[in-house]
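Every number in this text was worked out from the coordinates using simple rules, so none of it is lab data. All values reported here derive from a predicted model rather than from experimental measurement. Glycine gets a Cβ as well: all are built from the backbone with ideal geometry, and neighbour counts include every protein chain shown.
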């Protein structure tokens, strides 16, 4: 059974086909020739965290692929009242064709995948956010690989540099370290030393199943990180569940605001990216969000197309 819990659940050799499928699904959206590989299927969406882009993109995507999305708030099912993760996986596997899970503990998606008999997709945990990374990478290829197809589409990522600023111990930073290595990119992270990639992340990298390597550079100097960068990326400083740390996080991360001056220190054609929602005036200034090279809404849209490609691929593998 193939799952998508982390970036490296897709091998590098599988990426050209996956990205080409996302491009095809985007091009054919709304046409009579649009594929419907989930026809007759129901995919359950178990969400312990609220969302905008994740919920809407998955619900719309499943529907457009011909399937039926079934939204389940964690407190709507027995999982929120003490039923084990394993029993939940076994029961739902009898009813639905796949599970899409947005939760806090990454171990929960791993346990659902291990106990169930249907594909499981990680729609975000506190540890990783692989769907966002793949959508972001697809968005980059639209800028850098116009007219290219297949392997050349993904090859446009190779050798590019991404600079990630701010909370470099968050799920997005973790995922971008894995993703950058998978795509053949270079990644430089800049943040307070106490928010360097965590010991938990280092321990996970030591596991055999995190194949593909995880090289990265970490610095406390934001200018050093953005020099020569093709992409400048940031995320909110206060993630869900960290609200009690708001004042301290803002204090220590204030040197890492992506300002127009800092963005200008990257390559002259560098892109600005943010997985949204953005807090203008905290991790990034409004002028950068509004910059013509800011592609934040392209990223948001491409969540739909890349996730459709992921679901279609997992469904085909499960047949």
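Ordered by the count of other Cβ atoms within 10 Å of each Cβ, fewest first, 63, 305 give 63, 305. Note on residue 268 and residue 50: their simple-model spin labels are 4.5 nm apart, each label 7 Å out from Cα toward Cβ.
Using Cα atoms only, what is the angle between the long axis of helix 171-183 and the major principal axis of the chain, expressed in degrees (0 to 90) to the nearest 10? For 171-183 against the chain, the angle is about 90 degrees.
Per residue, the average separation of C-alpha pairs within less than 8 Å and at least 6 apart gives the stretch 52-116 a relative contact order of 29 percent. Taking other C-beta atoms within 10 angstrom as a stand-in for reagent exposure, 139, 285 fall in the order 285, 139, fewest first. Note: relative contact order over the stretch 133-294, using C-alpha pairs below 8 Å and six or more positions apart, is 22 percent.
When the chain is fully extended, how far beyond the present Cα-Cα distance does residue 317 get from residue 94, taking 0.36 nm per residue of separation? Walk me through the numbers before you get to the answer.
Numbers: separation 223, 0.36 × 223 = 80.28 nm, distance 1.79 nm.
That works out to 78.5 nm of additional length.
Summarised in one figure, the compactness ratio Rg/Rh of the stretch 133-294, Cα atoms and Kirkwood Rh, is 0.96. For the stretch 152-203, a/c is not less than 1.5, where a ≥ b ≥ c are the root eigenvalues of the C-alpha gyration tensor, and a/b tops b/c. That puts it in the prolate class. Ranked by how many other Cβ atoms sit within 10 Å of their own Cβ, fewest first, the residues 198, 156 fall in the order 198, 156.
For the chain, what log10 I(q)/I(0) values come out of the Debye formula at q = 0.10, 0.11, 0.13 1/Å, with one point per alpha carbon and no solvent? For the chain at q = 0.10, 0.11, 0.13 Å⁻¹, log10 I(q)/I(0) is -0.55, -0.67, -0.94.
With each run of n ≥ 4 DSSP H residues scored as -39500 (n - 2.57), what mean residue ellipticity at 222 nm is computed for the chain after dividing by its residue count and rounding to the nearest 500 deg cm²/dmol? Counting only the DSSP helices, I get -12500 deg cm²/dmol. Full extension of the chain between residue 245 and residue 194 yields a length gain of 17.0 nm, computed as 0.36 nm times the residue separation minus the alpha carbon distance. Using all pairs of distinct alpha-carbon atoms, the Kirkwood hydrodynamic radius of the stretch 71-214 works out to 17.0 angstrom. Rounded to the nearest 10 degrees, the angle from helix 53-64 to the longest Cα principal axis of the chain is 40 degrees. In the chain, the longest principal axis of the Cα atoms and the axis of helix 15-28 are about 80 degrees apart.
Can you give the FRET efficiency for residue 215 and residue 151, using 1/(1 + (r/R0)^6), R0 = 25 Å, r = Cβ-Cβ distance, to the nearest 0.05? Kindly include the intermediate steps, with their values, before the conclusion.
Values: r = 22 Å, r/R0 = 0.88.
Calculated transfer efficiency: 0.70.
Could you tell me the relative contact order of the stretch 34-153? Use alpha-carbon pairs under 8 Å, at least six residues apart, and round to a whole percent.
Values: 169 pairs, mean separation 28.0, N = 120.
Relative contact order, the stretch 34-153: 23 percent.
If the chain linking residue 27 and residue 42 were pulled fully straight, counting 0.36 nm for each residue of separation and taking away their Cα-Cα distance, it would gain 3.0 nm.
Take the eigenvalues of the Cα gyration tensor for the stretch 230-299, scale each by 5, and report the square roots as semi-axes in whole Å, largest first.
Details: eigenvalues 100, 35, 16 Å².
Semi-axes (√(5λ), whole Å): 22, 13, 9.
Its Cα gyration tensor gives the stretch 217-261 an equivalent ellipsoid, and the semi-axes of that ellipsoid, as √(5λ) in whole Å with the largest first, are 23, 11, 10. If R0 equals 22 Å, the separation of the Cβ atoms of residue 203 and residue 14 corresponds to a calculated FRET efficiency of about 0.25.
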